[in-house]
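Working notes for the structure below.
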Amino acid sequence: MLLIDENLFATGDDSGTLKVWDLRRGTAFMEMKQHEEYISGMAIDHDKKILLTTSGDGTMGVFNIKRRRFDLLSEFQNGDLTSVAIMKRGKKVACGSSEGMIYLFNWDGFGATSDRFAVKAESVDSIIPITDSILCAASTDGVIRAINLLPNRVIGSVGQHVGEPIEQIAKSYDGHFLASCAHDQKVKFWDISSLSAITVSDYRRRKKKGGNLKSLSKKAFGGGDDFFSGLIEETEIKKPEEKEEEEEDSDSGSD
């Protein structure tokens, strides 16, 4: 389900049917079936005009809800498309996939992808924009990754549900916190307030082969329930972080 405004919301079902509802009428004023498989994600543009859908059939759908019409389907991608987010001030669209790939489309160029890159995750099941360039992506490996687009870079880990596939992530209204739910039957909260200050350079520093994913918070790895849990855990995590910083310093010296 996608909330469009105070009166309108959209739903997508397992058969691939999109409906747009008006609470004032108490009924759907738009109903279309263009996907062959379930609808997995939806996003709406800033003008509340163009609605995008992703589906298990590997396509992205484009619908004009102002004119109540279907515009087009993208070309088929490998695996299911699982989620969608509008990025770069409306100039780019990112889609997660069951193959661990993020596909990028140009706005008004929805037919074919403009770029793609692998996240090194089993599957990218849920994505949500944090800034114009940074999104958070949740995966079946239980890790929430912060990812920069253009340049395409995995920044690090925001948090995780240890060994449990993550079903959904959502951002708080003020953008300071991220909520996640997974197969461990827990809802966890993560502080993402620092992500808005991160800038990623086009220059890419050489990385150690098999290096660990950078931790962006003290709760990003390990068994801590969330950032509200015991303060004692902070001292336990501090040492690995210091070690990681030393390794990064040694990397930069070798470039």
Could you report the accessible area of LYS91 in Å², rounded to 10, computed with a 1.4 Å probe on the protein chains as they sit in the structure?
140
Long pairs among LYS120/LYS171; LYS91/LYS120; LYS88/LYS120; LYS49/LYS91, criterion Cα-Cα beyond 20 Å:
LYS120/LYS171; LYS91/LYS120; LYS88/LYS120
Could you give me the percent of Cα pairs per 10 Å distance bin for the range 57-192, shortest bin first, beginning at zero and ending with the bin that holds the maximum distance?
13, 43, 33, 11, 0
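The values are calculated or read from the model by the stated rules, or taken from the named source; none is laboratory data. The structure presented is a predicted model; accordingly, all values stated were derived computationally and were not measured. What goes into the accessible areas is simple: the full protein's heavy atoms, side chains included, and nothing from ligands, DNA or RNA. Shrake-Rupley method; radii C 1.70, N 1.55, O 1.52, S 1.80 Å.
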